[in-house]
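Student: What follows is a single structure, and I will ask about it in a moment.
The values are calculated or read from the model by the stated rules, or taken from the named source; none is laboratory data. On a predicted model such as this, the values are computed, not experimentally measured, just so you know. Here Cβ is always computed from backbone atoms with ideal geometry, including for glycine, and neighbour counts include all displayed protein chains. Heavy atoms of the whole protein, side chains included, go into the accessibility calculation; ligands, DNA and RNA do not. Shrake-Rupley method; radii C 1.70, N 1.55, O 1.52, S 1.80 Å.
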Amino acid sequence: MTREEIIKTVNGALAEEFELDPAAMKPEANFFTDLGLDSLDAVDMVIVLEQAFKIKIRTNYEVGKIITLGDLYNYIEELVKQQPNA
Amino acid sequence: MPDFIKKLYGAPFAAAAWTWLFVSGLFAAPYFYLTGYKENELRNFLYFQGRIVQLAVFFASGFRKKIVKGKMPERSILVANHPCMYDTFIFFDFGVKNLVCIAKDWPFKIIFYGKFIEKAGYINSEGKTAEEIIGETRAALERGLNVAVFPEGTRSKVTGRFRSLAFEAAIRADCPVVPFAIKGLGEMLPRGSYCPKCVPVEYIQLEAVSPRDFQGELGAHNMAKHVKNMITEKLGEKK
């Protein structure tokens, strides 16, 4: 899976789940200040990303510490490399 | 009845509720300070404060407050829609004394009340990861407490998206979720308003939902949707 595909999948999944404005979904966008999410949203984020990429995030559960969309792309990219079934 | 008359009628009761929280806090604070802020005593005091606030709601509604009670499991997660800032107090009308809530930072900053809820074990979600909040929720449940959560997070007029966090905690702690539908409080005190309108209100306890029916990867997600459906159906919002 290429980085572009990862970005497209992440943006699509999050935009649908959290009703985010696609125009605001830039790598530097902060989840808390720019996208209006908070730590209570982390569980839902894990669930939708696990479904979208068919990977396991729950065991790591570092999503709550990810600050920007760019951090999330990097994190998912690493996980996809580690879990080749994605 | 015209809108401004409805507001004129409700205003003294809102003022009385806030004065009550402040004055009772002022008198109780030295006692709790000297006795080391005992959790049980604080929760009993918060229950007492909450019942009086609910009495103000009863008067503000023009004596049109209705409570529909059901069987309450011993320790559970209580969830409700979130139309109004008085929502936290509704659970006291169901006799729930051993209660803590998950809340954002702002209630913890209210003079006296904020200190009491902090020392009573209320969970401040601000700046914490989901894992930390779930951990604190499980710890509260294991101590035999009920944990109240508003899964929408922010107050809303029409019931919004339910976050899965509370339901994930329920599944991991294997404890039931008790849904509540709050009718009328949103119209009584809409977001941004401090002057309540005289409208009827109703608090309805719905049937407890077992986490055992919602296992697997999407368990918390599906449980959140199921509970939201139960509440919106009761509120008559379901399309």
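Student: Restricting to segment B:206-239, count the residues that are free of Cβ contacts under 8 Å to residues at least 12 places away in the same chain and assigned to a helix (DSSP H, G or I).
Tutor: Residues in segment B:206-239 being free of Cβ contacts under 8 Å to residues at least 12 places away in the same chain and assigned to a helix (DSSP H, G or I): 4 in total.
Student: What's the number of the only condition in (1) closer than 17 Å to B:VAL79 by Cα; (2) within 14 Å of chain A (Cβ to nearest Cβ); (3) free of Cβ contacts under 8 Å to residues at least 60 places away in the same chain; (4) open to solvent by less than 30 Å² (accessible area, probe 1.4 Å) that B:VAL100 fails to meet?
Tutor: B:VAL100 satisfies all of (1) closer than 17 Å to B:VAL79 by Cα; (2) within 14 Å of chain A (Cβ to nearest Cβ); (3) free of Cβ contacts under 8 Å to residues at least 60 places away in the same chain; (4) open to solvent by less than 30 Å² (accessible area, probe 1.4 Å) except (2).
Student: Now for a different question. Count, please, the residues in segment A:2-59 that happen to be away from chain B (no Cβ under 11 Å) and open to solvent by 60 Å² or more (accessible area, probe 1.4 Å).
Tutor: Counting residues in segment A:2-59 that are away from chain B (no Cβ under 11 Å) and open to solvent by 60 Å² or more (accessible area, probe 1.4 Å) gives 15.
Student: Could you list all residues from segment B:153-182 that are closer than 30 Å to B:PRO200 by Cα, within 14 Å of chain A (Cβ to nearest Cβ) and modelled with pLDDT of 90 or more?
Tutor: B:PHE162, B:ARG163, B:ALA166
Student: While we're here: Here's a check for you: in segment B:128-152, which residue that is open to solvent by 20 Å² or more (accessible area, probe 1.4 Å) and part of a helix (DSSP H, G or I) is farthest from the other protein chains (Cβ to nearest Cβ)?
Tutor: B:GLU142
Student: Does segment B:79-91 contain any residue that is under 30 Å from B:PHE167 (Cα atoms), of a type in the set (A, V, I, L, M) and in a strand (DSSP E or B)?
Tutor: Within segment B:79-91, one or more residues are under 30 Å from B:PHE167 (Cα atoms), of a type in the set (A, V, I, L, M) and in a strand (DSSP E or B).
Student: Can you say whether B:ILE5 is assigned to a strand (DSSP E or B) and open to solvent by less than 80 Å² (accessible area, probe 1.4 Å), as far as the supplied structure shows?
Tutor: Against the criterion (assigned to a strand (DSSP E or B) and open to solvent by less than 80 Å² (accessible area, probe 1.4 Å)), B:ILE5 does not qualify.
Student: Something else: Kindly evaluate B:VAL57 against the criterion of being buried (at least 16 other Cβ atoms within 10 Å of the Cβ) and either farther than 22 Å from B:ARG191 by Cβ or at pLDDT below 95 (or both).
Tutor: Considered against the rule, which asks whether it is buried (at least 16 other Cβ atoms within 10 Å of the Cβ) and either farther than 22 Å from B:ARG191 by Cβ or at pLDDT below 95 (or both), B:VAL57 comes out as yes.
Student: Collect the residues in segment B:99-118 that are within 19 Å of B:TRP18 (Cα to Cα) and in contact with a Leu (Cβ under 8 Å, 6 or more places away or on another chain), keeping them in residue-number order.
Tutor: Within segment B:99-118, B:ILE110, B:PHE112, B:TYR113, B:PHE116, B:ILE117 meet the criteria.
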